[in-house]
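Take a look at the structure below.
The values are calculated or read from the model by the stated rules, or taken from the named source; none is laboratory data. Predicted model, so just to flag it, every value in this text is computed and none were measured. Cβ placement follows ideal geometry from the backbone for every residue including glycine, while neighbour counts extend to all protein chains displayed.
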Amino acid sequence: MTTATLEPGSAVLPTFRKTSNARLMWKRISGNTMVMTGGGILLFFTLLAALGPLIYPQDPLAVDTANRLAAPSGAHPLGTDNYGRDILARVMEGARVSLSVGFAASILTSAAGMAIGLIAAYNKVADAILMRIMDGLMAFPGILLAIAIMAALGPQTTNVVIALVIVFTPYVARIVRSSAISVKEQTFVEALRAQGASLWRILFINIAPNIVSPLIIQATFVFADSIITEAALSFLGAGVPPPAPSWGNILLDGKTMIYNGWWMTVFPGVAIMATVLGINLLGDGLRDLFDPKYKK
């Protein structure tokens, strides 16, 4: 029987280090209560949105006037609304709509905020122009700016995402800019300039990876804020248009029936609260992992 020997230049050593780093990262993540709790809540609602029609095959748009305002029961676990539509089916479908809008807004906001923040951090002229535009957008209350944009564009799901991106991009751009300014002053960036590296390479290949941590943390908070803002817009009639259910317009339907059908407002309200709480816990936990100075 022969025994394998490891030479100093063997390719097994990097694989071992990668495995050790992955295990160490998983140990840190699994040991963070907020990350695990928030991630579990978000995973639950994501699975509810993705697998809802398979778990509970009810049509969220089916009208049944004979069962109008039926209380929670075995046939309808969360009751029915004023048109006889099943609340559980509508909450599941609303989860898909609300989470999709929030996730899309978070991704697009992160991309736009990173591009604006990096350019502003590297170029003083662009900084003066872009940051004044961002300051102007931040001067308006977010919900009022979103309502104004929706009034101009019209109530559509795509327009909701556009409005949310415009509202939240300035906040992400500010954080990216402040992080990029500190990275820009480091020695390796000066060395790249001396070597004649292109602006694209310096910004998006060398500086961008060093600001991913604060960007990810901010993206989770944008995700949560987008869900709340979308629900508020839909509740005001300026968001996702009926009959497509979102948590906001389900609450709108239950507003006038709160005394006769409390379940129309309680269950979608709990869904919004639990989802946003989970995302915020996840964001706080990621902040603790990426930035130890925030640890208690």
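So which of Ala163, Ala152 ends up being without any contact (Cβ under 8 Å) to a residue 60 or more places away in the chain and out of contact with any Pro (no Cβ under 6 Å at 6 or more places or on another chain)?
Numbers: Ala163 fails: without any contact (Cβ under 8 Å) to a residue 60 or more places away in the chain.
Sole residue among the options that is without any contact (Cβ under 8 Å) to a residue 60 or more places away in the chain and out of contact with any Pro (no Cβ under 6 Å at 6 or more places or on another chain): Ala152.
Taking only the range 43-75 into account, find how many residues are assigned to a helix (DSSP H, G or I) and either within 31 Å of the chain's Cα centre (by Cα) or loosely packed, with under 14 Cβ neighbours inside 10 Å (or both). Steps first, answer last, please.
If we filter the range 43-75 for residues that are assigned to a helix (DSSP H, G or I), which is where we start, we get 43-55, 65-67.
Keeping just the survivors that are either within 31 Å of the chain's Cα centre (by Cα) or loosely packed, with under 14 Cβ neighbours inside 10 Å (or both) gives 43-55, 65-66.
Of the residues in that region, 15 qualify.
Could you run through the range 271-296 and say how many residues are surrounded by 14 or more Cβ atoms within 10 Å (Cβ to Cβ), farther than 22 Å from Val212 by Cβ and modelled with pLDDT under 85?
0
On the basis of being among the small types (Gly, Ala, Ser) and touching a residue at least 60 places away in the same chain (Cβ under 8 Å), does Ala197 make the cut? Spell out the reasoning first.
Details: among the small types (Gly, Ala, Ser): yes; touching a residue at least 60 places away in the same chain (Cβ under 8 Å): no.
No.
Could you run through the range 216-239 and say how many residues are more than 19 Å from Leu281 (Cβ to Cβ), in contact (Cβ under 8 Å) with a residue 24 or more places away in the chain and either surrounded by fewer than 24 Cβ atoms within 10 Å (Cβ to Cβ) or charged (D, E, K, R) (or both)?
5
Please enumerate the residues belonging to the range 125-145 that are closer than 30 Å to Gly237 by Cα and surrounded by 10 or more Cβ atoms within 10 Å (Cβ to Cβ). Give the derivation first.
Let us first name the residues in the range 125-145 that are closer than 30 Å to Gly237 by Cα, namely 133-145.
Of everything in the range 125-145, those that are closer than 30 Å to Gly237 by Cα and surrounded by 10 or more Cβ atoms within 10 Å (Cβ to Cβ) turn out to be Ile133, Met134, Asp135, Gly136, Leu137, Met138, Phe140, Pro141, Gly142, Ile143, Leu144, Leu145.
Given Leu251, Leu289, which one is of a type in the set (A, V, I, L, M, F, W, C) and either out of contact with any Ser or Thr (no Cβ under 8 Å at 6 or more places or on another chain) or touching a residue at least 60 places away in the same chain (Cβ under 8 Å) (or both)? Full working, then the answer.
Values: Leu251 fails: either out of contact with any Ser or Thr (no Cβ under 8 Å at 6 or more places or on another chain) or touching a residue at least 60 places away in the same chain (Cβ under 8 Å) (or both).
Only one candidate qualifies: Leu289.
Determine which single condition Leu108 fails, assuming it passes every other condition in (1) of a type in the set (A, V, I, L, M, F, W, C); (2) out of contact with any helix residue (DSSP H, G or I) (no Cβ under 7 Å at 6 or more places or on another chain); (3) closer than 24 Å to Gly278 by Cβ; (4) free of Cβ contacts under 8 Å to residues at least 60 places away in the same chain.
Unmet condition: (2).
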